1. Tell me the carbon and sulfur percent of the accessible area for the chain, rounded to whole percent, probe radius 1.4 Å.
2. Please tell me the relative contact order of the chain in percent, rounded to the nearest whole number, where contacts are Cα pairs under 8 Å and at least six residues apart.
3. May I ask what percent, to the nearest 5, of DSSP beta bridges between residues of the chain are antiparallel?
4. Size of the dipole of the chain about the Cα centre, Lys and Arg at +1 and Asp and Glu at -1 on the beta carbon, nothing else charged, in debye to 20?
5. How many lysine pairs does the chain hold where the Cα atoms are under 17 Å apart and the two sit 8 or more places apart or on different chains?
6. Work out which trypsin sites (Lys or Arg not before Pro) in the chain are exposed loop sites (DSSP not H, G, I, E or B, at most 11 other Cβ within 10 Å) and give the longest gap free of them.
7. Counting only heavy atoms of the protein chains, get the accessible area per residue of the chain (1.4 Å probe) and round it to a whole Å² value.
8. Would you be so kind as to identify which of PRO56, ASN13, VAL37 lies farthest towards the positive end of the dipole of the chain, taking Lys and Arg as +1 and Asp and Glu as -1 on Cβ and the Cα centre as origin?
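The values are calculated or read from the model by the stated rules, or taken from the named source; none is laboratory data. The model shown is predicted, which means the values in this text are computed figures rather than measured ones. Ideal geometry is used to build each Cβ from the backbone, glycine not excepted, and the neighbour counts take in all protein chains shown. We work out accessible area using only protein heavy atoms, side chains counted, and drop any ligands, DNA or RNA first. Shrake-Rupley method; radii C 1.70, N 1.55, O 1.52, S 1.80 Å.
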Amino acid sequence: MSSEFEPAQMTLNDVILIPKPYRNEPFWNSLKSHPSVIQTVDLYDLGLVFFKPICPKQNFYLRKM
């Protein structure tokens, strides 16, 4: 995924799947802190990014056992 990606361009019901988010951890962290991003889910091998504004801003992660 390009570092030129702009989350503010996404629409309300968009979801982005990021394969292996820790391969580019600074990019993943910048997505999590972007004001347009409402929720993130870290599945370790896959990251989910949600833009639905009716939800509170939250970041979830599942630990790899």
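1. Values: 2700 of 4700 Å².
Exposed carbon and sulfur together represent 57 percent of the surface.
2. Numbers: 104 pairs, mean separation 21.9, N = 65.
Once normalised by length, the contact order is 34 percent.
3. For the chain, the DSSP antiparallel bridge percentage is about 70.
4. Numbers: 7 positive and 6 negative charges, 55 e Å.
Charge dipole of the chain: 260 debye, to the nearest 20.
5. Details: LYS20/LYS32; LYS20/LYS64; LYS32/LYS52; LYS32/LYS57.
The number of close lysine pairs in the chain is 4.
6. Values: sites that count: ARG63, LYS64.
Between the exposed loop sites, the longest stretch runs 1-62.
7. Numbers: 4700 Å² over 65 residues.
On a per-residue basis, the chain sits at 72 Å².
8. My answer, from the dipole projection, is PRO56.
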